[in-house]
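Student: Sharing a structure here in structure tokens format.
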Amino acid sequence: QVQLVESGGGLVQPGGSLRLSCEASGSGFRVYAMGWFRQHPGNEREMVATITPGGTIAYADSVRGRFTISRGNRRYAVDLLMNNLRPDDTAVYYCWASTGGDSWGQGTQVTVAS
């Protein structure tokens, strides 16, 4: 059983920055990749950025060049640094881990508004 605990998020003005962090805990699991997804109201959840233990990274086109994903200090941790935030980045952001199946955090709200 894997648990994903997220931190970060909140309210920021357009052009500002936020950092999201996530750590996986539990026993008897193996992580094949971690990352972040987001969900706008009324829309499906979409991939934002993912990273593998080997360092392979993927970004959504909408965030490439503004967001940076990196592995956290713990073994199964991931950070997302979001720069130059825009109002259309407003969404609930979910930490994700591929552990043979999909594991999800509880979600954290990011709101970009003046």
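Student: Starting from the Cα of ARG75, move 7 Å in the Cα-to-Cβ direction to define the label point; list residues of segment 10-24 whose amide nitrogen is under 16 Å from there.
Tutor: Inside the label zone: 23-24.
Student: Put a dot 7 Å past each Cα toward the Cβ at VAL5 and GLN39; how far apart are the dots in nm?
Tutor: So the two model labels end up 2.3 nm from each other.
Student: To continue, here is another question. Note down the accessible area of THR111, probe 1.4 Å, to the nearest 10 Å².
Tutor: Roughly 40 Å² of THR111 is accessible to a 1.4 Å probe.
Student: Compute the distance from the alpha-carbon center of segment 21-40 to that of segment 47-95, in whole Å.
Tutor: 12
The values are calculated or read from the model by the stated rules, or taken from the named source; none is laboratory data. On a predicted model such as this, the values are computed, not experimentally measured, just so you know. Virtual Cβ from ideal backbone geometry, glycine too; neighbours counted across all protein chains shown. Keep in mind that these areas ignore ligands, DNA and RNA; they rest on the heavy atoms of the full protein, side chains included. Shrake-Rupley method; radii C 1.70, N 1.55, O 1.52, S 1.80 Å.
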